[in-house]
Amino acid sequence: MEDSGEPVRLREQAYASFTRHLLARDLLPGQFVSQRELVAFTGLPLGAIREIVPRLEAEGLLTTIPQRGMQIAHIDVQLEARDDYPYFRAELRTRGGQEILTRSSLTRHRAGPAYAISLDVPVTALAAGEYELALKGIPAGGSVEDIGFYYFRVQKQ
């Protein structure tokens, strides 16, 4: 069976399905899940799920906690927000332009003397590479305005 490539294919399908569910926010940062729950989410066999768990742990995408299960990892991005926009939109894409996620109706919150916006992004949504985060303000009266662009690199070991 190993010669046919089927186990490798199932493993890659499981990994891709896991990532899609994170992007769709079916699995949330900090959430605990079991291998059986991941089988239900992905529709793939338990063996394929068991094979991707070490990869997900090595990439820092989830952590196995004894007697509790596996916990989905997260990153938290905080950006300084201006006073003249009650709402914000964040658009995350690869440097090549592929859209990763869009979050609308974000609100600012007090962060010391300034305001900040928090954006939770599942770590598994981001492969190693370069990304662009576009922050847009939505004034009370209407149209979306570009505020800033932030560039960052994700490195995985």
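Observations on the model:
- For Ser143: the one exception among (1) out of contact with any strand residue (DSSP E or B) (no Cβ under 6 Å at 6 or more places or on another chain); (2) at pLDDT below 75; (3) outside the structural domain of Glu37 (by TED's automatic domain parsing): (2)
- Residue in the stretch 86-100 that is at pLDDT 80 or above, surrounded by fewer than 14 Cβ atoms within 10 Å (Cβ to Cβ) and in a strand (DSSP E or B) present: yes
- In the stretch 114-140, the residue that is nearest to the chain's Cα centre (by Cα) out of those that are of a type in the set (Ser, Thr, Tyr) and either loosely packed, with under 12 Cβ neighbours inside 10 Å or at pLDDT below 80 (or both) is Thr124.
- Tabulated pairs, the stretch 28-55, first farther than 20 Å from Arg9 by Cβ, second of a type in the set (D, E, K, R) and not in a helix (DSSP H, G or I), C-beta under 7 angstrom, 6+ apart or interchain: Pro29/Asp120; Phe32/Arg68
- Unmet requirement for Met70, which otherwise passes all of (1) modelled with pLDDT of 80 or more; (2) part of a helix (DSSP H, G or I); (3) surrounded by 13 or more Cβ atoms within 10 Å (Cβ to Cβ): (2)
- Residue in the stretch 32-45 that is of a type outside the set (A, V, I, L, M, F, W, C), at pLDDT below 85 and not in a loop (DSSP other than H, G, I, E, B) present: no
The values are calculated or read from the model by the stated rules, or taken from the named source; none is laboratory data. Only a predicted model underlies this, so the values are computations on that prediction, with no experimental measurement involved. In this analysis, Cβ positions are derived from the backbone assuming ideal geometry, glycine residues included, and neighbour counts consider all displayed protein chains.
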